[in-house]
1. Among the numbered criteria (1) touching a residue at least 12 places away in the same chain (Cβ under 8 Å); (2) basic (Lys, Arg); (3) out of contact with any strand residue (DSSP E or B) (no Cβ under 9 Å at 6 or more places or on another chain), which one does Lys158 miss?
2. Counting just the residues of the range 192-213 that are farther than 18 Å from Ala156 by Cα and among the β-branched types (Val, Ile, Thr), which one comes out surrounded by the fewest Cβ atoms within 10 Å (Cβ to Cβ)?
3. Tell me yes or no: at least one residue of the range 14-21 is within 14 Å of ligand 2 (Cβ to nearest atom) and open to solvent by less than 10 Å² (accessible area, probe 1.4 Å).
4. Is one or more of the residues making up the range 135-146 over 22 Å from Pro44 (Cα atoms), free of Cβ contacts under 8 Å to residues at least 40 places away in the same chain and open to solvent by less than 10 Å² (accessible area, probe 1.4 Å)?
5. Any residue at all in the range 60-71 that's within 22 Å of Val139 (Cα to Cα), within 16 Å of ligand 1 (Cβ to nearest atom) and open to solvent by 40 Å² or more (accessible area, probe 1.4 Å)?
6. Hey, Ile107 hits all of (1) within 16 Å of ligand 1 (Cβ to nearest atom); (2) buried (at least 20 other Cβ atoms within 10 Å of the Cβ) but one; which does it fall short on?
7. Only residues in the range 185-205 that are without any contact (Cβ under 8 Å) to a residue 40 or more places away in the chain and under 18 Å from Lys3 (Cα atoms) count as the first member; pair them with residues that are away from ligand 2 (no atom under 13 Å from the Cβ) and not in a helix (DSSP H, G or I), Cβ under 8 angstrom, at least 6 apart or cross-chain, and list the lot.
8. Where residues in the range 170-215 are in a loop (DSSP other than H, G, I, E, B) and within 13 Å of ligand 1 (Cβ to nearest atom), which of them is nearest to Met69 (Cα to Cα)?
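The values are calculated or read from the model by the stated rules, or taken from the named source; none is laboratory data. Since the model is a prediction, treat every value here as computed from it, not as a measurement. Reconstructed Cβ throughout: ideal geometry from the backbone, glycine too, with neighbour counts over all protein chains shown. Surface areas here come from the heavy atoms of the whole protein model, side chains and all, with no ligands, DNA or RNA. Shrake-Rupley method; radii C 1.70, N 1.55, O 1.52, S 1.80 Å.
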Amino acid sequence: MSKIIVSPSILSADFANLERDIKKVENAGADWIHVDVMDGHFVPNITIGAPVVKSLRPVTDLILDVHLMIENPEKYIDDFIKAGADIITFHYEAITPDNISDLIYKIKEKDVKAGLSIKPKTSPEDILKYLPELDMLLVMTVEPGFGGQKFMQDCAEKIKTIKKHAPENLIIQVDGGINNETAKICTQYGATSLVAGNYIYKSDDIKQAILSLKN
Ligand code: DX5
Ligand code: ZN
């Protein structure tokens with residue numbers, strides 16, 4: 001089995017102490033840092049933007065895995081690239097399908113990895129044709145917008161279809177309601193990267209929590 005990449009979501013961290021909370025997961029074995037960007041339009045919540053990513057860039061060497069839950073992602077991609085994002089994932093539902101390949105290209109030509117994400121109601125068949133162009137496909141297992149929601153098992157089933165059609169090196173990430181039990185379901189189906197917010201940050205033993213996602 002390939003190595004599982006754990007990407008703690010700082011949405012569950014203390015926003016007044018982001019550097020401290022990033023170090024906490026970094027020292028506990030996190031592979032990436034997941035940054036949830038929300039605009040109050042694509043999702044009913046507002047979080048952080050490119051200036052925060054820019055400030056976080058010097059505090060960690062870990063990969064900054066930026067999840068854009070915003071309308072018109074094409075308008076903001078350059079800001080996130082300049083801010084130092086290593087991976088930029090945008091939503092299939094947030095952009096006209098005709099522009100998806102161009103945006104993937106625009107991200108990759110700047111040596112940033114490109115991800116595409118699908119919400120719970122989007123069928124995997126809609127995005128299969130983009131898989132060869134992508135570095136990562138993110139399957140949401142909750143409605144995007146908030147941390148701490150319940151894992152939707154039927155969304156995880158989509159991983160199987162994606163895995164079947166994915167090139168060998170495509171990273172399949174899941175996000176929403178991931179804990180040591182739901183992680184197992186997802187990795188068995190073929191997920192290779194797990195985002196977890198509450199499960200990691202609310203744990204008394206963060207190192208053990210991260211380890212439990214890898215096994
Ligand atoms: C939800 C975000 C997630 C969220 C996950 O819209 O994309 O990354 O932080 O939080 P948990 O792991 O608590 O469900
Ligand atoms: Zn996320």
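1. (3)
2. Residues of the range 192-213 that are farther than 18 Å from Ala156 by Cα, as a first pass: 198, 200-212.
Next cut, among the β-branched types (Val, Ile, Thr) only: 200, 206, 210.
Values: Ile200: 28, Ile206: 20, Ile210: 22.
It comes out as Ile206.
3. No; the residues of the range 14-21 include none that is within 14 Å of ligand 2 (Cβ to nearest atom) and open to solvent by less than 10 Å² (accessible area, probe 1.4 Å).
4. The first filter runs over the range 135-146 and keeps only residues over 22 Å from Pro44 (Cα atoms), leaving 135-137.
Then drop every residue that is not free of Cβ contacts under 8 Å to residues at least 40 places away in the same chain, which leaves 137.
Retained after the next criterion (residues that are open to solvent by less than 10 Å² (accessible area, probe 1.4 Å)): 137.
Yes, some residue in the range 135-146 is over 22 Å from Pro44 (Cα atoms), free of Cβ contacts under 8 Å to residues at least 40 places away in the same chain and open to solvent by less than 10 Å² (accessible area, probe 1.4 Å).
5. Among the residues of the range 60-71, at least one is within 22 Å of Val139 (Cα to Cα), within 16 Å of ligand 1 (Cβ to nearest atom) and open to solvent by 40 Å² or more (accessible area, probe 1.4 Å), which makes the answer yes.
6. (1)
7. Close Cβ pairs (under 8 Å, with a partner that is away from ligand 2 (no atom under 13 Å from the Cβ) and not in a helix (DSSP H, G or I)) amount to Tyr189/Glu157; Gly190/Ala166; Gly190/Ile172.
8. Start the filter on the range 170-215 by keeping residues that are in a loop (DSSP other than H, G, I, E, B), which leaves 170, 176-179, 190-192, 197, 202-205, 215.
Remaining after also requiring within 13 Å of ligand 1 (Cβ to nearest atom): 176-179, 197, 202-203.
Working: Gly176: 13, Gly177: 17, Ile178: 18, Asn179: 22, Gly197: 16, Lys202: 23, Ser203: 26 Å.
Filtering the range 170-215 for residues that are in a loop (DSSP other than H, G, I, E, B) and within 13 Å of ligand 1 (Cβ to nearest atom), the one nearest to Met69 (Cα to Cα) comes out as Gly176.
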